[in-house]
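Okay, structure first, notes after.
Taken together, the values in this text are just the output of simple stated rules run on the coordinates, not laboratory data. Please read all numbers here as calculations on a predicted model, not as lab measurements. Neighbour counts run over all protein chains shown; Cβ positions are idealised from the backbone, glycine included.
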Amino acid sequence: MADQVRPSRLFKNLNAKIASIPMILTAVVVFLGGTAWTILYSFTDSKLLPRLRFVGLDQYERLWSAPRWLISIENLAVYGVLALIFSFGIGFMLAALLDQKIRFEDAFRTIFLYPFALSFVVTGLVWQWILNPDFGVQHIVRSLGWSSFTFDPLYNADIVIYGLLFAGLWQGTGLVMCLMLAGLRGIDEDVWKAARVDGIPTWKTYLFIVIPMMRPVFITALVIVTSGIVKLYDLVVAMTGGGPGQASEVPAKYVYEFMFRAQNLGQGFAASTMMLVTVAIILIPWAYLEFGGKRRG
Amino acid sequence: MKSMNLALGLLASVALPSVALATDLEVTHWWTSGGEAAAVAELATAFDATGNKWVDGAIAGSGDTARPIMISRITGGDPMGATQFNHGRQAQELVEAGLFRDLTDVATRENWAALVNPPTLLENCTLDGKIYCVPVNIHSWQWLWLSNGAFEKAGVAVPANWNEFVAAAPALEAAGITPLAMGKQPWQQAGAFNVLMVGVGGSDLFLKVYKDKDAAFAAGPEVAAVFKAADDARKMAAKSNVQNWNEATSMVINATAGGQIMGDWAQGEFQVAGQTAGKEYTCLPGLGLNEVISTGGDAFYFPKLDDPEKSAAQDVLASVMMAPATQVAFNLKKGSLPVRGDVDLSTANDCMQKGLKILAEGHVIQSSDELMDPDSITQINDLFATFFSDMSMTPEDAQKQFAALVGSAQ
Amino acid sequence: MADRPLPARTPAASRLAEGPRGARPRPTLSRRNILLYGTLTVIAAYYLLPLYVMVVTSLKGMPEIRLGNIFAPPVEITFQPWVKAWAQACTGLNCDGLSRGFWNSVRITVPSVILSIAIASVNGYALANWRFKGSETFFTILIFGAFIPYQVMLYPIVILLREIGLYGTLWGLILVHTIFGMPILTLLFRNYFTSVPEELFKAARVDGAGFWTIYFKIMVPMSLPIFVVAIILQVTGIWNDFLFGVIYTKPDTYPMTVQLNNIVNSVQGVKEYNVNMAATLLTGLVPLVIYFISGKLFVRGIAAGAVKG
Amino acid sequence: MHSVSVRDLTLNFGSVSVLKSLNLDVEEGEFIVLLGPSGCGKSTLLNCIAGLLDISDGEIWIRDRNVTWAEPSERGIGMVFQSYALYPQMTVRGNLSFGLKNQKLPKAEIEKRVGRAAEILQIGPLLDRKPGALSGGQRQRVAIGRALVRDADVYLFDEPLSNLDAKLRSELRVEIKRLHSRLNNTMVYVTHDQIEALTLADRIAVMRGGIIQQLDAPQVIYNRPANLFVAGFIGSPSMNFLPGATVDGGRSFRCGDHTLDLAGYEGGAVLDRPSAILGLRPEHLDLRQNPEPGRSLPAVVEIDEPMGADSLVWLKMDHRQISVRLPVERRLKPGMQVHVHVDMSKASLFDAATEQRI
């Protein structure tokens, strides 16, 4: 009988494998292949078109001695850390507030979430306008009589990152809130009862009981928010164009501009390789812990 | 419609090789401001008049937005019919890769070599003796645009050169006017610096830096004077809160700024606003100090296409762009100078006439785009972006970094 | 017993129907409630401010805008900016506003959303229920892909599309959207299908259902919430996309965002803020409407898909 | 002919061995219960038989057919799950007929089989409802029905009653028993509940650590547990264990200062063992006022738990706790001195080193 023979491993779950071909192709050809291609060409002196003329680590040496790259990294680090802290903090707070059996929950939730429907370009445009000192908030406050009032985050190199943060959080916190709210709704009510019986204050219940239970939600949110931060580009271009000076430059913009404006593909690829390597160093061990190992059955 | 044309075209190419049909040609460019769009319309009208059809593929947001799209499409194997590039070294590699159509036949037939002035324009289109692009205009950076109204308000005379302008700055500020309008994009800031270099330091100094790439000289006292002038400029522009160049120009138009250092394309904005040179505004080529203009400009390249109909239409378009009537109409709207010396531009305004005169006298230098690779240009742009917005960076620091970049440039 | 939720529905999804929990409800006019609603209202105002500015500005004439208070309601309401943004604003030579791009956006968005969700949901299903050797590795690479800046991938994708002959076609663009939508969507679907009780899947296998039968007959019908989330995310993302739309298509198929970019970045003399704002609102209308209509489903779906890790 | 035959079945998850070279033969029409604590591999074994897990080594035969690598649906099995696993979006009818539709049976045949299953399980009125509108007991009936319609050779039950409350559980238990006697099909039933195992099974396989410890009829399992684990796992409260040694050539059991006569013990050759354990079920002990040398041990009453029909008395004997089941009428006061009388014919003796029954 045919089924006495152990089927080849290759044909096990054949349909699943066939159905996964798009995913496998995407993962291997596009993401892995694209990355490998990028890394390979980062060792060349490709200008406008990719060409295989190797120059060793020259592009990397130049990259790490370029003040703009260092500024970009520092900016992204500052923005990233703050954006993570605030979007999680505010997102969780809003979710907790909405989870208090309030009226008009739908209305509030929609209001907090709608900016997510708008692109970064639109977000940047609106906030650039509101923060413009000549007719935005500063102008309004001054015309009310407080003539020394200064609020020009987009035109002040020291605080421009916070200007970006203002807009970025406005756009993205709603989604985090949504995830957190979903997580809170997944907590068994008995947990609240138990905490109340034990006389644990509400904030402590959130901090030490509820949040640890919401780990999966935090992880999903972390993936979504972090991937957005790493790719930060549109918002910067729309709001500040990297300025004033280079005060709001970010790595993705460095990559893009060296590839297409400066026509130095090698340099752009070196920069993007550094970004990818950083992501990989953080992501791969975590992903293995998170997604690997777990078995069913 | 389009698919029918395509079908017919296919049919024609197979069976009836000589039937002429109107061909759609997609032209991409980044000319979207008021004056620019009006100028493009002239090219399109002229092309449409030949029985073909100009399909406009404008992408706003300057060359930085548009260029990746153009490069991607050309290398992706789905090129447009024609595309704008800046003169100089931007497209060189694409030409080398054989992605552009050789226009030598058209050029020889129409004897471009004799017509194009200055000849460097055509040289920039030439590789190994073959011509790959059509220069359409000459753009010069070296202009100072002044608002007569602003100086009137401040109660000072309209300056005749940069030094007088600097001296008038305090009066302008006292009247609540930003002395110098400047957009906060690196290319504008670096551009202004290069203009100061030609104006304050002279053509030789400029060439020594950008052509000879003499780092020691760039670190020397002559160039230090240019940095001193740039320091003045950034102080005068400290209160200019705009991004785009034409927003800065509109500050001059509205007399909320005293002046702006910007290329001759700014002229188109004055024209659209209905202003006349000498009346509402004043233009000073070479900052009124050294009347020289650079001869960078825009050129059109024609990617190789498989369809012979389209290739034929490309030749037609190339020819149309170089035609005297088109040159006049286009450049009047664009505010730039024609690439051929044999056209009548008596209808041009004051400022253009000044430019034409300088051109005729041969007081020209090459632009930094032609002299240096885009990589170095980007780094220099970055440096000036920092210099102009970060007052804590001293001119000396900036000069030191500048000299280093000049030294490493190709 | 009868009201016990089916185990097949995730606890969170069913809990959403029951409403919020959190701390215990208290009398309506307590200090706590005043504080609660006060905070929420203030934050809501911050969130609504930009929308308000956009709407107000889009209804003003240019002279009024120049005079100045961006927060003041319009003295004289004019719909001219909307008309101009929709039908008259120029990009280069084309002066037909956003209208041209609207249908292009629809033509791009609809198939991209369908294809990307179809593929990602099958991926998620395979990863959750039909693991095979290496499947988790591929998934990890996929998640890694979520962190790759799109700009980096432009060149490889151009080469890829050129090689398979899809460059410049609508299908090429759809493919690109499918590829870049895959990481996050696959994560969502995988998490959702993992939270479906495994016994259901086993029961179906005993019942003789194979990979596709289980997917179509069992999994899809019970996954409406997560499909809603995916649709919302994808419609928003693809509708708002500018970079891919402009690079991988041609002018006659440019999406609305390209027109928006052109309108916003083509300054004709003076920036027409009212037209810009109207254009912005028009472009954002489709995703906005979707959010306003299905916001509730969105949270429910997220609850279903993201709670389980 | 064996109905189900598992031969040298091994299953590894990575480096963890879940089932170790396991053998099990189930006779035609037999009701086998796989019993064990959680993690013992009983559900895993069932899933292997069903084909829901790919095994590492060995063979599985159903009705003389090697089905080791056959699809679950091709094995001629029906399966009932703990969480019912009803398809939520289908009606009860849809749930019952889903598998038959997949088999591409004619419509009339499907109707007939669904009707019959509905009749047997008395779920006819529910056929057009969705599972969400059913109670837990009704859902499990539907789940059983879904297995029944398949007309399978073997029915597999994976803890089908654990999600139900006590009353429903006992009702359905009886129902399953009735079902088995009516259909006379082979059934393999996984549970951790020994009452279910003892009441339902023709034979019980007690499992631990991926190994079948004992496979026997319920009363054998109960009265003659093969090893210490089985002895301790079956029975509530657990069997009392007295550590000690066998002496006098295996004729006596010495526990501390006391000695019990092993004369009545029914088992193998006892011999002298320095370390042995005597297992005594609470219901096989009696309490008396007077000692009987060689047949009783002295103890002190600690607690008396009346449990309705009988009562459980907890005693202290040499710092060791012992429980004894007595008729409820006999009330004892804490602190009373008593003597525990042992019926050696019902006792179990284990070697302390091998833990095997002697």
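Can you work out ³J(HN,Hα) from phi for every residue in segment D:25-31, in order, using Karplus 6.51 cos²θ - 1.76 cosθ + 1.60 and θ = phi - 60°, giving whole Hz and x for Gly and Pro?
Along segment D:25-31, the couplings run 10, 10, 7, 4, x, 7, 9 Hz.
Of A:Ala107, A:Ala96, A:Ala262, which is the most mobile in a GNM of chain A whose springs link Cα atoms less than 10 angstrom apart?
A:Ala107
Give the aspartates and glutamates reachable from C:Lys296 as a straight Cα distance under 20 Å; neighbours fewer than 8 places away on the same chain don't count.
A:Asp99, A:Glu105, A:Asp106, C:Glu18
Identify all lysines with a Cα-Cα distance to A:Lys231 below 21 Å; exclude those on the same chain that are fewer than 8 residues away in sequence.
Excluding near neighbours in sequence, the set is A:Lys253.
Note the angle between two axes, namely the Cα long axis of helix B:350-361 and the longest principal axis of the Cα atoms of chain B, as a number of degrees from 0 to 90, rounded to the nearest 10.
Between the helix axis and the principal axis of chain B, the angle is about 80 degrees.
What full-extension length gain, to one decimal in nm, is calculated for D:Asp310 and D:Asn290 as 0.36 nm per residue of separation minus the Cα-Cα distance?
Residue separation times 0.36 nm, minus the Cα-Cα distance, leaves 5.0 nm.
Within the protein assembly as shown, which cysteines find no other Cys whose Cβ is under 4.7 angstrom from their own?
Those would be A:Cys178, D:Cys40, D:Cys48, D:Cys255, since no other cysteine Cβ in the protein assembly as shown comes under 4.7 Å of theirs.
Any chance you could give the angle, 0 to 90 degrees and rounded to 10, that helix C:31-58 forms with the longest Cα principal axis of chain C?
Roughly 50 degrees, rounded to the nearest 10.
With helices defined as uninterrupted DSSP H runs, which ones in chain A have an alpha carbon span along their own long axis of at least 20 Å and mean Kyte-Doolittle hydropathy of at least 0.5?
Long hydrophobic helices here: A:67-98, A:160-185, A:215-230, A:265-291.
What list do you get for B:Leu94, D:Leu19 if you sort them by fewest beta carbons within 10 Å? Walk me through the numbers on the way to the answer.
Numbers: B:Leu94 22, D:Leu19 25.
Lowest to highest Cβ neighbour count: B:Leu94, D:Leu19.
Based on other C-beta atoms within 10 Å, arrange B:Ser319, A:Ser148 from fewest to most.
Ranking B:Ser319, A:Ser148 by Cβ neighbours within 10 Å, fewest first, gives A:Ser148, B:Ser319.
Could you list the chymotrypsin sites (Phe, Trp or Tyr not before Pro) in segment A:79-166 that lie in coil according to DSSP, counting only those with at most 14 other Cβ atoms within 10 Å of their Cβ?
A:Phe104, A:Trp146
Rounded, prolate or oblate, given the Cα gyration tensor of segment A:67-291, with a/c below 1.5 counting as rounded?
Judged from the Cα gyration tensor, segment A:67-291 comes out oblate (a/c at least 1.5, b/c at or above a/b).
Ratio to report: Rg/Rh of the protein assembly as shown, with Cα atoms as the point set and Rh obtained by the Kirkwood method; give two decimals.
Radius of gyration over Kirkwood radius for the protein assembly as shown works out to 1.11.
How much length is gained if the chain between B:Thr126 and B:Glu152 is pulled fully straight, taking 0.36 nm per residue apart and subtracting their Cα-Cα distance, in nm to one decimal? Please list the in-between numbers first.
Details: separation 26, 0.36 × 26 = 9.36 nm, distance 4.88 nm.
Here the segment from B:Thr126 to B:Glu152 would lengthen by 4.5 nm.
When chain D is treated as a GNM, springs tying every alpha-carbon pair under 10 Å, which of D:Met79, D:Met344, D:Met317 comes out with the largest mean-square fluctuation?
Residue with maximal mean-square fluctuation among D:Met79, D:Met344, D:Met317: D:Met317.
Calculate the spin-label point distance for D:Ser162 paired with D:Thr10, positioning each point 7 Å from the Cα along the beta-carbon direction, and give it in nanometres.
For D:Thr10 paired with D:Ser162, the spin-label model returns 2.8 nm.
Would you calculate, for the protein assembly as shown, the mean residue ellipticity at 222 nm contributed by helices, counting each DSSP H stretch of 4 or more residues as -39,500 (n - 2.57) and dividing by all residues, to the nearest 500?
Calculated mean residue ellipticity at 222 nm is -15500 deg cm²/dmol.
Rounded to whole Hz and in sequence order, give me ³J(HN,Hα) for segment B:91-104 from the Karplus expression 6.51 cos²θ - 1.76 cosθ + 1.60, θ = phi - 60°, writing x for Gly and Pro.
Result, rounded to whole Hz: 9, 3, 5, 5, 5, 4, 6, x, 8, 10, 7, 7, 9, 4.
According to a simple spin-label model (label point 7 Å from Cα along Cα-to-Cβ), what is the distance in nm between D:Ser345 and D:Arg254?
With each label placed 7 Å out from Cα toward Cβ, I get 2.9 nm.
Using θ = phi - 60° and the Karplus curve 6.51 cos²θ - 1.76 cosθ + 1.60, what whole-Hz ³J(HN,Hα) does each residue of segment C:285-299 get, with Gly and Pro shown as x?
Going residue by residue, I get 4, 4, x, 4, 4, 4, 5, 5, 6, 10, x, 5, 4, 4, 4 Hz, with x marking Gly and Pro.
Expressed in nm to one decimal, what extension gain is obtained for the pair A:Arg142 and A:Asp190 from 0.36 nm per residue of sequence separation less their Cα-Cα distance?
11.9 nm
What percent antiparallel are the DSSP beta bridges of the protein assembly as shown, to the nearest 5?
75
So how strong a dipole does the protein assembly as shown carry about its Cα centre when Lys and Arg Cβ are +1 and Asp and Glu Cβ are -1, to the nearest 20 debye?
About 4680 debye.
Where in segment C:36-79 are there chymotrypsin sites (Phe, Trp or Tyr not before Pro) that are in a DSSP coil and have at most 16 other Cβ atoms within 10 angstrom of their Cβ? It would help to have the intermediate numbers written out before the result.
Numbers: sites: C:Tyr37, C:Tyr46, C:Tyr47, C:Tyr52, C:Phe71, C:Phe79; in loops: C:Phe71, C:Phe79.
Here the chymotrypsin sites (Phe, Trp or Tyr not before Pro) that fit, given the DSSP loop and packing criteria, are C:Phe71, C:Phe79.
If amide H atoms are built 1.01 Å from N in the plane of the peptide, which residues on other chains or at least 5 residues away come under 5 Å of the amide H of B:Lys53?
The answer is B:Thr23, B:Asp24, B:Leu25.
Helix B:186-196 against the longest principal axis of chain B: what's the angle in degrees, Cα atoms only, rounded to the nearest 10?
60
Lysines within cross-link reach of B:Lys239: Cα-Cα under 25 Å, excluding same-chain residues under 8 positions apart?
B:Lys153, B:Lys184, B:Lys228, C:Lys271
Among all lysine pairs in chain D that are eight or more places apart or on different chains, how many have alpha carbons less than 19 angstrom apart?
Going through chain D pair by pair, I get 6.
Give me the net charge for the shell around C:Val258: Cβ to Cβ below 12 angstrom, other residues only, Lys and Arg +1, Asp and Glu -1.
On the way: positive: C:Arg100, C:Lys250; negative: C:Asp241, C:Asp252.
Local net charge: 0.
Which of rounded, prolate, oblate describes segment D:72-191, given a ≥ b ≥ c as roots of the alpha-carbon gyration tensor eigenvalues and a/c under 1.5 marking rounded, otherwise prolate only if a/b is larger than b/c?
Verdict is oblate for segment D:72-191.
Work out the charge dipole of segment C:99-306 with +1 on the Cβ of Lys and Arg and -1 on the Cβ of Asp and Glu about the Cα centre, then indicate which of C:Leu187, C:Gly210, C:Gly295 is farthest towards its positive end.
C:Gly210
To one decimal place, what orientation-averaged projected area in nm² is obtained for the convex hull of the Cα set of chain C?
22.4
Where in chain A lies the longest segment free of trypsin sites (Lys or Arg not before Pro) that are both loop residues by DSSP (not H, G, I, E, B) and have at most 13 other Cβ atoms within 10 Å? Don't skip to the answer; put the middle values down first.
Numbers: sites that count: A:Arg53, A:Arg103, A:Lys294, A:Arg295, A:Arg296.
That would be A:104-293.
At a Förster radius of 60 Å, what calculated FRET efficiency corresponds to the Cβ-Cβ distance of B:Gln353 and C:Ile293, to the nearest 0.05? Write out the running numbers ahead of the final one.
On the way: r = 61 Å, r/R0 = 1.02.
The computed FRET efficiency comes out at 0.45.
Taking GluC sites (Glu not before Pro) as exposed when DSSP calls them loop (any state but H, G, I, E, B) and at most 14 other Cβ atoms lie within 10 Å, what is the longest stretch of chain D free of them, the sites themselves excluded?
No qualifying site falls inside D:29-265, the longest such stretch.
Under a Cβ-only charge scheme (Lys and Arg +1, Asp and Glu -1), can you give me the dipole magnitude of chain D about the Cα centre, in debye to the nearest 20? Intermediate values should be presented prior to the final figure.
Details: 42 positive and 43 negative charges, 232 e Å.
Computed charge dipole of chain D: roughly 1120 debye.
In which sequence would B:Asp264, A:Asp198, D:Asp216, B:Asp315 go, from the one with the fewest C-beta neighbours within 10 Å to the one with the most?
A:Asp198, B:Asp315, D:Asp216, B:Asp264
Measuring from label point to label point, each 7 Å out along Cα→Cβ, what is the C:Thr169 to D:Asp25 span in nm?
Result: 6.4 nm between the two label points.
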